[in-house]
1. In this structure, does residue 68 turn out to be free of Cβ contacts under 8 Å to residues at least 24 places away in the same chain and under 23 Å from residue 5 (Cα atoms)?
2. Looking at 41, 55, which is the one that is exposed (fewer than 15 other Cβ atoms within 10 Å of the Cβ) and either touching a strand residue (DSSP E or B) at 6+ places or on another chain (Cβ under 9 Å) or farther than 25 Å from residue 106 by Cβ (or both)?
3. Across region 18-38, what is the total count of residues that are closer than 23 Å to residue 92 by Cβ and either surrounded by 17 or more Cβ atoms within 10 Å (Cβ to Cβ) or modelled with pLDDT under 75 (or both)?
4. Which one of 99, 65 is closer than 25 Å to residue 8 by Cβ and at pLDDT 90 or above?
5. Every residue in region 58-74 that is surrounded by 15 or more Cβ atoms within 10 Å (Cβ to Cβ) and out of contact with any helix residue (DSSP H, G or I) (no Cβ under 7 Å at 6 or more places or on another chain), please.
6. Are any residues in region 75-101 in contact (Cβ under 8 Å) with a residue 24 or more places away in the chain, over 20 Å from residue 49 (Cβ atoms) and out of contact with any helix residue (DSSP H, G or I) (no Cβ under 6 Å at 6 or more places or on another chain), and if so, which ones?
7. Filter region 7-17 down to residues that are over 16 Å from residue 42 (Cβ atoms) and at pLDDT 70 or above and give me whichever is surrounded by the most Cβ atoms within 10 Å (Cβ to Cβ).
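The values are calculated or read from the model by the stated rules, or taken from the named source; none is laboratory data. What you see is a predicted model; the values in this text were computed from it and never measured. FYI the Cβ positions are ideal-geometry reconstructions off the backbone, even for glycines, and counts take in every protein chain you see.
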């Protein structure tokens, strides 16, 4: 899967490590393209510069390698997503707690959704489990 847009071209120029082919950035899974698109949208809204992003991504990759990441290229977008989450929190867009709350709600909604059906978040998906 490739993504070709003016914003994607700008990102690949600013961030030369992005996996790409002649058509632009490439992704092995849809979630990778979605994480990429979220970063493009936040950059377009001025949440961070590509220079900030590159430094934060390099720090995340370095941290992961120190923790034993084999740096095979298969984890690049996992680092991308972690960087996205960290910057969103650091910039005050959404705290880590809010991000975890939505992640848990999404997981809850996905668990009850039959395969192939759209996942729909409901208010009860956000209910915190009781600590019995």
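1. no
2. That would be 55, the only listed residue that is exposed (fewer than 15 other Cβ atoms within 10 Å of the Cβ) and either touching a strand residue (DSSP E or B) at 6+ places or on another chain (Cβ under 9 Å) or farther than 25 Å from residue 106 by Cβ (or both).
3. Number of matching residues: 2.
4. Within the list 99, 65, the selection yields 99.
5. 69
6. Result: 76, 101.
7. Ranking the qualifying residues of region 7-17, first place goes to 12.
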